[in-house]
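Okay, so here's the structure we're looking at.
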Amino acid sequence: MGRKQEINVETAARIMKKNAEYVRLGLQNKQLDFGSAVQKEDGKWSYHIVPNKFYDYMGMKREEIINENS
């Protein structure tokens, strides 16, 4: 069983060649369908990116993403 890979906002933005704010706002506004954003009671946002949905969105395979991050 392989290690579960997580993708944070900054990594997703780098792979997409966008800035992190683009990814944050896209998730908050539900315009990027590879994850979700939830606003907590203190007003701060929490983000979750689903790796397989991100790979599909980018038209890449998991291995390509891993190599891009190396």
- Every residue from the stretch 1-52 that is touching a Pro at 6+ places or on another chain (Cβ under 6 Å) and either part of a helix (DSSP H, G or I) or β-branched (Val, Ile, Thr) (or both): Ile7
- Quick one: in the stretch 15-43, which of the residues that are more than 10 Å from the chain's Cα centre (by Cα) and under 17 Å from Met60 (Cβ atoms) is surrounded by the most Cβ atoms within 10 Å (Cβ to Cβ)? Lys18
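Every number here is computed from the coordinates shown, using simple stated rules; none is lab data. These numbers come from a predicted model, not from an experiment. Virtual Cβ from ideal backbone geometry, glycine too; neighbours counted across all protein chains shown.
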